Each structure stands twice: as C-alpha cells, then as structure tokens.
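The values are calculated or read from the model by the stated rules, or taken from the named source; none is laboratory data. Everything quoted here is computed from the prediction, not taken from an experiment. Glycine also receives a Cβ, built like all others from the backbone with ideal geometry; neighbour counts cover every protein chain displayed.
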Amino acid sequence: MYRIIYYFITLITKLHAKFLSINDNHGLDLTDKQLHFLIIGVFGFCMLLVLQPIFRWLSKHHAELLITFLYVFTIVVVISFAIEIGQAYSGTGDMDFYDIASGILGFFVFFGIYLIGYLLYRGIAHSVSKES
C-alpha cells in the first residue's frame, strides 16, 4: 500500500512540475491557483464523463454495493490524507504514509467482513426463495 501511495505522490509531483514548466516555457503566466483551477477542473470533468456511464450501467445491474464501496473508499482515502496532513501542520503527530495505508487497510478488512456476511445473507435468501 505504501508503494502505491508513494507512486501516485511521485507521479503527481512530476505532473505538477511538468505543468509549471509548460506554463513558464510558453509564457502563459498563469498563477498556481489558475493552473489548479484549469487542470483539476478539466481532470475532474473528464473523470465525470468516464465514470457516469459506468455508474449508470452498474446501477442498472444491481451493483449498488460496488458503487457505495467506490464512493466510501474515495472518502476514506481523502480523510486519511487530510488527517496526516493535519497532524503534520498542527504538530500533533508525524505525517506517516504507513498510517494512511493502515487506515485504508482497516477499511478493506471491515468491508471484507461485511461483504462475506452480505454474500452469505444473499445466498441464503436466494436459496430460501427458490424453495418456496
């Protein structure tokens, strides 16, 4: 998990440097906030265009649990990073990627336990309804 997080942070850092370089080399004179507005705005909108049809398809195929998982997983990642950044900023703890990875792993474990129970329940309910 640490390697995955570190890979994405490294990738984002390189992309940020590349966009700053493009801005400087082409005389765009955009501020950091303007670059964030454009890049994050376009990136988010492109994600919306890609994910919306996928989520529509999933909802038509009764995959509400998967949609919920993806949404909650996103929030867990954001909150985990926010907690670590907050600790580093406030001095109440060290910013540690292993803490982030541990928190995300905890979510996976508890979701896994829930998923097993959910699948057992669905399997039992399905077999009981077939017998009726």
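Here is a check on your reading of the model: is Val72 touching a helix residue (DSSP H, G or I) at 6+ places or on another chain (Cβ under 8 Å) and in a helix (DSSP H, G or I)? Working first, answer last.
On the way: touching a helix residue (DSSP H, G or I) at 6+ places or on another chain (Cβ under 8 Å): yes; in a helix (DSSP H, G or I): yes.
Criteria met by Val72.
With the requirement that a residue be part of a helix (DSSP H, G or I) and of a type in the set (A, V, I, L, M), what does the range 54-69 give you?
Just the residues of the range 54-69 that are part of a helix (DSSP H, G or I), to begin with: 54-60, 64-69.
Within the range 54-69, Ile54, Leu58, Leu65, Leu66, Ile67 qualify.
Of all residues in the range 86-110, how many are part of a helix (DSSP H, G or I), among the polar types (S, T, N, Q) and more than 17 Å from the chain's Cα centre (by Cα)?
First, the residues of the range 86-110 that are part of a helix (DSSP H, G or I): 86-90, 97-110.
Among the residues that remain, those that are also among the polar types (S, T, N, Q) are: 87, 90, 102.
Pick out the ones that are also more than 17 Å from the chain's Cα centre (by Cα) and you get 87, 90.
Result for the range 86-110: 2.
When you scan the range 68-78, how many residues do you find that are surrounded by 14 or more Cβ atoms within 10 Å (Cβ to Cβ) and closer than 14 Å to Ala101 by Cα? Walk me through how you get there before you give the answer.
Start the filter on the range 68-78 by keeping residues that are surrounded by 14 or more Cβ atoms within 10 Å (Cβ to Cβ), which leaves 69-70, 73, 76-77.
Those left that are additionally closer than 14 Å to Ala101 by Cα: 73, 76-77.
Counting residues in the range 68-78 that are surrounded by 14 or more Cβ atoms within 10 Å (Cβ to Cβ) and closer than 14 Å to Ala101 by Cα gives 3.
Which members of the range 16-35 meet the condition of being surrounded by 12 or more Cβ atoms within 10 Å (Cβ to Cβ) and either in contact (Cβ under 8 Å) with a residue 12 or more places away in the chain or closer than 29 Å to Asp99 by Cα (or both)?
The answer is His16, Phe19, Leu20, Asn23, Leu35.
Rundown of residues vs (1) at pLDDT below 90; (2) aliphatic (A, V, I, L, M); (3) assigned to a helix (DSSP H, G or I), yes/no style:
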position	(1), (2), (3)
Tyr7	yes, no, yes
Thr10	yes, no, yes
Leu15	yes, yes, yes
Lys18	yes, no, yes
Asn23	yes, no, yes
Leu30	yes, yes, no
Gln34	yes, no, yes
Met47	no, yes, yes
Gln52	no, no, yes
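Output the number of residues of the range 78-121 satisfying the condition of being modelled with pLDDT of 90 or more and either farther than 16 Å from Tyr6 by Cα or of a type in the set (Val, Ile, Thr) (or both).
Filtering the range 78-121 for residues modelled with pLDDT of 90 or more gives 78-80, 102-121.
With the extra rule that they be either farther than 16 Å from Tyr6 by Cα or of a type in the set (Val, Ile, Thr) (or both), the set shrinks to 78-79, 104, 106-121.
The qualifying residues number 19.
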